[in-house]
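J.: Here it is, the structure in full.
The values are calculated or read from the model by the stated rules, or taken from the named source; none is laboratory data. Source: prediction; values computed, not measured. Every residue, glycine among them, receives a Cβ derived from its backbone with ideal geometry; neighbour counts consider all protein chains shown. Quick note on the areas: whole protein, heavy atoms, side chains included, nothing else; ligands and nucleic acids left out. Shrake-Rupley method; radii C 1.70, N 1.55, O 1.52, S 1.80 Å.
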Amino acid sequence: MTDALAALYPAHLATLRTRTETALARSGHDHLLVPAGVAHYQFLDDRPYPFAVNPHFKAWLPVTNAPGSWLVYTPGRKPKLVFLQPHDYWHVVPQAPAGYWVEHFDVAIIRRPEEARAHFPADAARCAILGEANAAVDGYAPNNPQAVLDHLHYHRAYKTPYELEMMRRASAVGARAHRAAERAFRAGESEYGIHMAYLHAAAQTDNELPYANIIGLNAHGAVLHYTDFERTLPAQALSFLIDAGGSFCGYASDITRTHAAAQAGEFQALIDAVDAAQRGFCARVRAGQDYAALHLHAHHVLAGVLREHGFIRASAESAVASGVSAAFFPHGLGHGIGLQVHEVAGFQKSETGGAIPKPEGHPYLRLTRTLAPGMVVTIEPGIYFIPMLLDELKAKPAGRDVEWAKVDAFRKYGGIRIEDDVVCTDGEPENLTRDAFAAA
Ligand code: GLY
Ligand code: MN
Ligand code: MN
């Protein structure tokens with residue numbers, strides 16, 4: 001299992017070194033310092049929030065639980081890991097570094113956070129330090145130079161073969177757990193029960209998952225970020241929307257499926273139509289594709305689905321122009337994914353910064369870049385019956401194009417979203433999610 005990662009890791013590290021060298025040259029610094037981060041505490045309490053490692057740290061090495069540790073890189077030298085292993089009998093101390101990546105670092109073990117200082121370059125002013133303010137150690141405060149962030153964030157969109165392997169494994173976790181969740185739904189479990197079945201199959205706790213599970217029965221599917229986990233079962237469970245991922249060494253998968261209780265019913269027919277549309281969008285994840293244009297294309301296709309299924313009378317073109325499609329599909333088609341579920345730099349114009357604006361009227365789109373090999377993006381179209389948006393639509397002239405009786409009959413199902421994580425390659429896209437389901 002780890003053999004493939006061991007073989008891929010040196011080239012990944014070489015890529016990070018090259019990116020960092022350019023980034024430091026741009027900002028005029030000599031060294032990169034990256035704190036893993038430190039615990040955040042609840043107000044007036046001694047309880048820490050779950051630790052979330054600095055993404056710039058986990059980009060270098062597959063370690064996500066190392067508060068107080070630092071990465072130090074000076075171009076031309078072996079990277080250094082300053083690893084905090086406190087003498088502490090209250091908590092489990094992070095394990096000593098082990099694995100395929102360790103030989104690529106000079107490792108210095110420290111016992112107290114302030115000891116890190118002795119392992120830093122002498123002149124703090126020559127260091128680009130990427131991290132949160134509270135990670136500062138004795139004069140080495142994060143300065144987050146914009147030129148360094150711009151370069152690293154822009155290029156992070158292009159995954160190395162090592163990172164793609166990490167994401168295949170994160171996808172395998174998610175696919176396995178989605179299967180268990182569907183079984184729990186069909187066995188009559190509540191949202192809470194389905195969630196527990198998911199965690200068990202993923203073998204990950206809530207805090208280890210890449211984001212909070214969205215598990216909604218019936219109309220809860222219409223709440224885009226529904227995270228309430230009702231303990232009681234509705235009188236009749238008609239539909240089930242689950243948006244849940246898995247983690248692997250700090251990399252994320254982000255997967256949504258929608259299931260109908262009645263497998264040959266009207267809601268399943270609409271799921272099938274969204275699924276067919278979604279596969280078509282996935283097929284367009286190709287080098288040179290403008291992602292914002294793909295989002296607009298998705299609006300036209302989904303408006304066609306709404307018309308074919310009798311929800312609207314207008315043509316697809318006029319439904320998009322009048323905002324009718326946006327009432328049923330009110331979020332972006334997707335986003336970059338990797339070290340973060342919503343990967344950074346979705347709008348960045350070039351490696352030196354700038355922004356590619358969102359198309360007017362599409363405020364929730366998170367990605368406007370042009371796709372290129374190595375990018376991993378989600379493709380997550382949806383059709384929802386959201387009371388607030390339907391009320392607004394009804395009050396507008398365009399509301400006259402809507403077949404309200406048909407729409408009202410579907411409110412009880414909530415909505416549909418289907419989400420895959422897709423790699424842009426030199427040729428055919430690689431669908432991490434569907435491949436993982438096929439293998440599960
Ligand atoms: N799970 C959050 C999203 O799909 O973007
Ligand atoms: Mn999702
Ligand atoms: Mn997503």
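Matching residues to (1) within 16 Å of ligand 3 (Cβ to nearest atom); (2) open to solvent by less than 10 Å² (accessible area, probe 1.4 Å):
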{"position": "L306", "(1), (2)": "no, yes"}
{"position": "R313", "(1), (2)": "no, no"}
{"position": "S318", "(1), (2)": "no, no"}
{"position": "G323", "(1), (2)": "no, no"}
{"position": "F328", "(1), (2)": "no, yes"}
{"position": "H331", "(1), (2)": "yes, no"}
{"position": "G338", "(1), (2)": "yes, yes"}
{"position": "V341", "(1), (2)": "yes, no"}
{"position": "K349", "(1), (2)": "no, no"}
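J.: Going by the conditions given, is R179 outside any loop (DSSP other than H, G, I, E, B), modelled with pLDDT of 95 or more and either of a type in the set (K, R) or in contact with an Asp or Glu (Cβ under 6 Å, 6 or more places away or on another chain) (or both)? It would help to see each step written out before you state the result.
T.: Working: outside any loop (DSSP other than H, G, I, E, B): yes; modelled with pLDDT of 95 or more: yes; either of a type in the set (K, R) or in contact with an Asp or Glu (Cβ under 6 Å, 6 or more places away or on another chain) (or both): yes.
It is true that R179 is outside any loop (DSSP other than H, G, I, E, B), modelled with pLDDT of 95 or more and either of a type in the set (K, R) or in contact with an Asp or Glu (Cβ under 6 Å, 6 or more places away or on another chain) (or both).
J.: May I pose another question? Under 6 Å between Cβ atoms, at least 6 apart or on separate chains: pull out the pairs that start in segment 197-216 with a residue that is over 19 Å from A260 (Cα atoms) and in contact (Cβ under 8 Å) with a residue 40 or more places away in the chain and end on any residue that is more than 16 Å from ligand 3 (Cβ to nearest atom) and open to solvent by 40 Å² or more (accessible area, probe 1.4 Å).
T.: N207/P50
J.: Limited to segment 197-213, what total is found for residues that are open to solvent by 10 Å² or more (accessible area, probe 1.4 Å) and in contact with an Asp or Glu (Cβ under 8 Å, 6 or more places away or on another chain)? Steps first, please.
T.: Of all residues in segment 197-213, those open to solvent by 10 Å² or more (accessible area, probe 1.4 Å) come to 197, 199-201, 203-212.
When the remaining residues are screened for being in contact with an Asp or Glu (Cβ under 8 Å, 6 or more places away or on another chain), the result is 197, 199, 210-212.
Count: 5.
J.: Scan segment 293-304 for residues that are among the small types (G, A, S), more than 16 Å from ligand 2 (Cβ to nearest atom) and open to solvent by less than 10 Å² (accessible area, probe 1.4 Å) and report the count.
T.: Of segment 293-304, the ones among the small types (G, A, S) are 293, 298, 303-304.
Narrowing further to those that are more than 16 Å from ligand 2 (Cβ to nearest atom): 293, 303-304.
Filter again for open to solvent by less than 10 Å² (accessible area, probe 1.4 Å), leaving 303.
The qualifying residues number 1.
J.: Follow-up. Do we find a residue being within 16 Å of ligand 1 (Cβ to nearest atom) and either within 18 Å of Y384 (Cβ to Cβ) or surrounded by fewer than 22 Cβ atoms within 10 Å (Cβ to Cβ) (or both) anywhere in segment 261-275?
T.: First, pick out the residues of segment 261-275 that are within 16 Å of ligand 1 (Cβ to nearest atom): 274.
Retained after the next criterion (residues that are either within 18 Å of Y384 (Cβ to Cβ) or surrounded by fewer than 22 Cβ atoms within 10 Å (Cβ to Cβ) (or both)): 274.
Scanning segment 261-275, I find at least one residue that is within 16 Å of ligand 1 (Cβ to nearest atom) and either within 18 Å of Y384 (Cβ to Cβ) or surrounded by fewer than 22 Cβ atoms within 10 Å (Cβ to Cβ) (or both), so the answer is yes.
J.: Take segment 72-101 and flag every residue that is surrounded by 13 or more Cβ atoms within 10 Å (Cβ to Cβ) and within 28 Å of the chain's Cα centre (by Cα).
T.: Once the filter is applied, which keeps residues that are surrounded by 13 or more Cβ atoms within 10 Å (Cβ to Cβ) and within 28 Å of the chain's Cα centre (by Cα), segment 72-101 yields V72, Y73, P79, L81, F83, P94, P97, G99, Y100, W101.
J.: Quick check on segment 113-130. Is at least one of its residues under 24 Å from the mean Cα position of the chain (by Cα) and either in a loop (DSSP other than H, G, I, E, B) or under 27 Å from P10 (Cα atoms) (or both)?
T.: Here is the first cut: in segment 113-130, the ones under 24 Å from the mean Cα position of the chain (by Cα) are 130.
Now restrict to residues that are either in a loop (DSSP other than H, G, I, E, B) or under 27 Å from P10 (Cα atoms) (or both): 130.
There is at least one residue in segment 113-130 that is under 24 Å from the mean Cα position of the chain (by Cα) and either in a loop (DSSP other than H, G, I, E, B) or under 27 Å from P10 (Cα atoms) (or both).
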